[in-house]
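Asker: Okay, here's the structure, questions in a sec.
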Amino acid sequence: MRLKTNPVVMHGDDGNIRILRNRHGIPEITANTVADLMRGLGWVHANDRQLQTLLTRMLLQGRAAELLKADDALIAIDTYMRRMNFLPDPEAQLEQLNPDTRRAMDAYVNGFNDWMNDNGPAFEFKVVGYRHPDPYAVEDCLLLSKAIGFLGLADIQANMEKFLVELIQKGVSEKKLKELFPCLTDSIDRDLIGKITLAPPLVPEAVQWLNRLPRFSASNNWAVSGRHTRSGFPILCNDPHLEVNRLPNVGHEVVLRLPGNVLMGFAVPGSPALITGRNAHLAWGLTFSYMDMLDFRIERCRDGKYYREAGWRPFIVREEEIKVKHKEALRITVHENENGLLEGDPHKEGFYLTLGWSAAKGCAAEDFNAIIAVMTARCVEEAMTLFRKMEVVSMNWVIADTRGDIGYQMSGRHFNRPEGVSGLLPLPGWEEKYACAGFNDPDDLPQVFNPPEGIIATANQDLNYLGRSNPINLCMGPYRADRIVHLLETGKNLDVAYMKDMHYDLYSLQAERLMKIIGPLLPDTAKGRILKTWDLRYHADSAGAMLFESVYRAVIDVVFGDHGVGRAVVDYVFSETSLFNDYYANLDQILTKQSSAWFDGEEREALIKQGIEEGLRVDPLPYGRTRFITLVHLLFGGKLPKFMGFDYGPLGLPGCRATIPQGQIFKNAGRLTTFSPTYRFITDLATDEVHTNLAGGPSDRRFSKWYVSDLKNWYEGNYKVLR
């Protein structure tokens, strides 16, 4: 039995479960209880997103080389996952699920397995010889939650902190570093940091598999109170910015109907929850918080042990077996201590880092207790209390309800750090004063309820001022958030149509800020005049936008390459990492200073002029012609002829790093990837409707009519209405 044209009726624990597709292809599930809804959702995810769900599971379990093929890249990604061991305590986690949550999660996996038992694996799996998947389990949901909390979120911070170590080892001055990292309050022990041996990064081919996982990165969400809206009720909007050059989409839309309540929104296949959505009383949306959940410690190692003042201590040793298809299994040894996971071989004398993640032993069960309860919550204060309990996934949650309230709550937990410790530098693990002192009080996290201005907007900016625990020391720039607030403050009688325009607004406050410096220095040439008269909007036909990007990159090469780390390092950051795409505002704050240690005594204007000269050497093209992407199939992307239709494109991606629709295109380990709105969600609490579009479609089945059925809406700015 599959979901096609006719409704599917299943037996639930409390009456029948009815599943149908609406005219947009979105599954609608009707049941009498949340548990039966989740059973239907599990069944639907097996029907629509089996490939995504099971491929994600095998990667997170570290079993891809066993189940797919004997491949060096898959062995590398399996090794990474086994080392990380995201769910070390599944039994303890299961015990922390409250009874309602456990019923819902059991129902979800039962629904998924019912479909699998009736229909078997997807044909793509049969092609690669994966014919007998293990039953899906509640532990798999918990593992997915833990991995989402780290991959694309916490590991971005880890990459930047290790890059900071490399900058110190390359001799970049403390003055320059503290300008580049304003939260870096620590004194820098160059001698000790210079001794650190950093572990080699994952090979690019393995990173490409890592990028197939649901990695959250950047997003926008906002809510306005009824006094700003035409309807007199709050409006809430969300657009998660994830990788869009993939099929299927990271998320899956669904409508869930209970007696007297309707839930609509965006779920991650493999997980029984709506991470963005609304019910009859409440709406919620999320963005990445940029909470620093990591602490690196330096360990002095020899003979398999690590140093403490009282003597040398043995590491906790964990053996992992990695099975390889049709080949002998491999064995790896993992070393851990009280500070975290060792990144190095302790049998080779030296100094290595240990990675401590505040959610390593965090309770994924609490996250599910919260997010499942939110689906039937009735007011903002109730939802804020629930989100505050989440430990693993750190997000900015914006909430609105039919009572007229709006609110914001950060979730997640971070380490309590001693005074003067920023969290950005690795510290000596043998010094007792740096031992873990527990975690923040959830009540101290950034939060706000009914702010006097009647506006809440988050876009990955610094929100420490809304709390007491200062969880953020690196984040994105304020440009998108400031633009959102400006448009909300200056608009009158705000309505859904106005919010749709905001979702597609291409004006850049970053360009406005930097052009105040660049504009007066532009030459009176054809190219200079094109850039000088640019309207600061990233329209596809704009040559000014293209020239600005060229000049901006050239200025970065001059200031931070020639006068800092060298152009080769800048090239590496741009071509092999996402560091610039996350932390570009750290560079901007230096470029906008009249004087800086990075200028090496030269006048800023002279350096900017050099960047302008280099940047204007390109031929001006319409911006859109530099922005093509192809949406590639999760398993077969780039491997099959285009006419077979597994990949879709090319499409021109609108926007840039600082526009509300953040349209970032970059390479990570040589693979083209993106940050862009993967889903757009608008709801006016005066109605029972949501307005949405999604980059893709409901199904991961290439030959389904719903494979890319919403892509045209997403690209052209049209919204479907769900109710």
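Asker: Could you give the Stokes-Einstein D for region 8-58 in µm² per second, using the C-alpha Kirkwood radius, 25 °C, 0.890 mPa s?
Answerer: Approximately 213 µm²/s, per Stokes-Einstein.
Asker: At 1.4 Å probe size, put V127, V109 in order of accessible surface, largest to smallest.
Answerer: Accessible-area ranking of V127, V109, largest first: V127, V109.
Asker: On the protein heavy atoms, probe 1.4 angstrom, tell me the percent of accessible surface of region 100-255 carried by carbon and sulfur.
Answerer: 50
Asker: Based on the Cα gyration tensor of region 1-112, what are the three equivalent ellipsoid semi-axes, each the root of five times an eigenvalue, rounded to whole Å and given largest first?
Answerer: Values: eigenvalues 202, 84, 15 Å².
One finds semi-axes of 32, 21, 9 Å for region 1-112.
Asker: Only Cα pairs under 8 Å and at least 6 apart count here; give the relative contact order of the chain as a rounded whole percent.
Answerer: 16
Asker: Students sometimes get this wrong: rank K389, K175 by accessible area, probe 1.4 Å, all chains present, largest first.
Answerer: K175, K389
Asker: Sort region 403-538 into rounded, prolate or oblate with this rule: let a ≥ b ≥ c be the square roots of the eigenvalues of the Cα gyration tensor; rounded if a/c is under 1.5, and if a/c is not under 1.5, prolate when a/b is larger than b/c, oblate otherwise.
Answerer: oblate
Asker: Over the chain, with a single point scatterer placed on each C-alpha, what log10 of the ratio I(q)/I(0) does the Debye formula yield at q = 0.11 1/Å?
Answerer: Log10 I(q)/I(0), no solvent term: -1.24.
Asker: Spin-label point model (7 Å from Cα, Cβ direction): what's the D562 to V128 distance in nm?
Answerer: Placing both labels 7 Å along Cα→Cβ, they lie 4.7 nm apart.
Asker: Select from F112, G423, N221 the residue farthest towards the positive end of the dipole of the chain; place +1 on Cβ of Lys and Arg, -1 on Cβ of Asp and Glu, and compute about the Cα centre.
Answerer: The Cα lying farthest towards the positive end belongs to F112.
Asker: Do any trypsin sites (Lys or Arg not before Pro) in region 605-697 lie in a loop, going by DSSP, with at most 15 other beta-carbon atoms within 10 Å of their beta carbon, and if so which?
Answerer: R617, K639
Asker: Which of rounded, prolate or oblate describes region 580-635 when judged by the alpha-carbon gyration tensor and an a/c cut-off of 1.5?
Answerer: Numbers: a/c = 4.14, a/b = 1.74, b/c = 2.38.
It is oblate, given that a/c is not under 1.5 and a/b is not larger than b/c.
Asker: Just add up the charged neighbours of W312: K/R +1, D/E -1, any other residue whose Cβ is under 14 Å from the Cβ of W312.
Answerer: With Lys, Arg at +1 and Asp, Glu at -1, the neighbours total +1.
Asker: Does region 640-723 come out rounded, prolate or oblate by the C-alpha gyration tensor, with a ≥ b ≥ c the root eigenvalues, rounded set by a/c under 1.5 and, if not, prolate when a/b is larger than b/c and oblate if not?
Answerer: Values: a/c = 2.69, a/b = 1.26, b/c = 2.13.
Oblate, since a/c reaches 1.5 and b/c is not below a/b.
Asker: Once you treat every alpha carbon in region 127-201 as an equal point and sum by Debye, what is log10 I(q)/I(0) at q = 0.13, 0.23, 0.26, 0.28 Å⁻¹?
Answerer: Cα-only, vacuum Debye calculation for region 127-201: -0.60, -1.10, -1.20, -1.25.
Asker: Tell me, what is the per residue accessible area of the chain in Å², probe radius 1.4 Å?
Answerer: 37
Asker: Taking +1 at the Cβ of each Lys and Arg and -1 at the Cβ of each Asp and Glu, which of I612, I188, A457 sits farthest along the dipole of the chain towards its positive end, judged by Cα position relative to the Cα centre?
Answerer: Of the options given, the answer is I612.
Asker: Sticking with this one: With a 1.4 Å probe and every protein chain kept in, tell me what percent of the accessible surface of region 490-563 is carbon plus sulfur.
Answerer: About 54 percent, which is the carbon plus sulfur part of the accessible surface.
Asker: Another question about this same structure. Is it possible to state the helix-based mean residue ellipticity at 222 nm for the chain, with each DSSP H run of 4+ residues giving -39500 (n - 2.57), the sum divided by total residues, to the nearest 500 deg cm²/dmol? What is it? Could the numbers behind the result be given before it?
Answerer: Values: 22 runs with 234 residues, N = 723.
One gets -9500 deg cm²/dmol as the mean residue ellipticity at 222 nm.
Asker: Can you name the helices of the chain, as whole DSSP H runs, whose Cα span along the helix axis is 24 Å or more and whose Kyte-Doolittle mean is not below 0.0?
Answerer: On the way: long enough: 34-60 (29 Å, 0.19); 99-119 (30 Å, -1.31).
Both cut-offs are met by 34-60.
Asker: By average Cβ neighbour count within 10 Å, what is the ranking of 422-429, 94-101 from highest down? Please report the intermediate quantities before stating the final value.
Answerer: Numbers: 422-429: 21.4, 94-101: 15.6.
Answer by packing, highest mean first, reads 422-429, 94-101.
Asker: Where the only charges are on Cβ atoms (+1 Lys, Arg; -1 Asp, Glu), what is the dipole of the chain about its Cα centre, to the nearest 20 debye? Walk me through the intermediate numbers first.
Answerer: Numbers: 82 positive and 91 negative charges, 390 e Å.
Taking the Cα centre of the chain as origin, the dipole is about 1880 debye.
Asker: Sorted from largest to smallest, which semi-axis lengths in Å does the alpha carbon gyration tensor of region 295-413 give for its equivalent ellipsoid, taking the root of 5 times each eigenvalue?
Answerer: Working: eigenvalues 363, 78, 20 Å².
Semi-axes, largest first: 43, 20, 10 Å.
Asker: I would also like to ask the following. I'd like the carbon and sulfur percentage of the solvent accessible area for region 574-717, probe radius 1.4 Å, heavy atoms only, ligands and nucleic acids excluded.
Answerer: Ligands and nucleic acids excluded, carbon and sulfur give 53 percent.
Asker: Quick check of the Kirkwood formula: for region 480-591, what is the inverse mean of 1/r over all pairs of different Cα atoms, in Å?
Answerer: About 16.0 Å for region 480-591.
Asker: Note down the magnitude of the dipole of region 410-505 about its Cα centre, charges +1 on Lys and Arg C-beta and -1 on Asp and Glu C-beta and zero elsewhere, to the nearest 20 debye.
Answerer: 160
Asker: Let me ask you something else. How large are Rg and Dmax for region 536-657 when only the alpha carbon atoms are used, in Å?
Answerer: 17.7, 58
Asker: Let me ask another. How large is the charge dipole for region 561-681, taken about the Cα centre, if only the Cβ atoms of Lys, Arg (+1) and Asp, Glu (-1) carry charge, to the nearest 20 debye?
Answerer: Magnitude of the dipole: close to 720 debye.
Asker: Positive end of the dipole of region 527-644, charges at C-beta (+1 Lys, Arg; -1 Asp, Glu), about the Cα centre: which of V558, L621, P641 has its Cα farthest in that direction?
Answerer: P641
Asker: Only sites in a loop by DSSP and with at most 10 other Cβ atoms within 10 Å count here; which trypsin sites (Lys or Arg not before Pro) in region 53-142 make the cut?
Answerer: R131
Asker: Evaluate 2.2 N^0.38 Å with N set to the residue count of region 141-180, then give the Cα radius of gyration divided by it.
Answerer: Values: Rg = 14.8 Å, N = 40, 2.2 N^0.38 = 8.9 Å.
Taking N as the residue count of region 141-180, the ratio is 1.65.
The values are calculated or read from the model by the stated rules, or taken from the named source; none is laboratory data. Being a predicted model, the structure only gives us computed values, none of them experimental. Please note: Cβ atoms are built from the backbone with ideal geometry, for glycine as well, and neighbour counts cover all protein chains shown. Heavy atoms of the whole protein, side chains included, go into the accessibility calculation; ligands, DNA and RNA do not. Shrake-Rupley method; radii C 1.70, N 1.55, O 1.52, S 1.80 Å.
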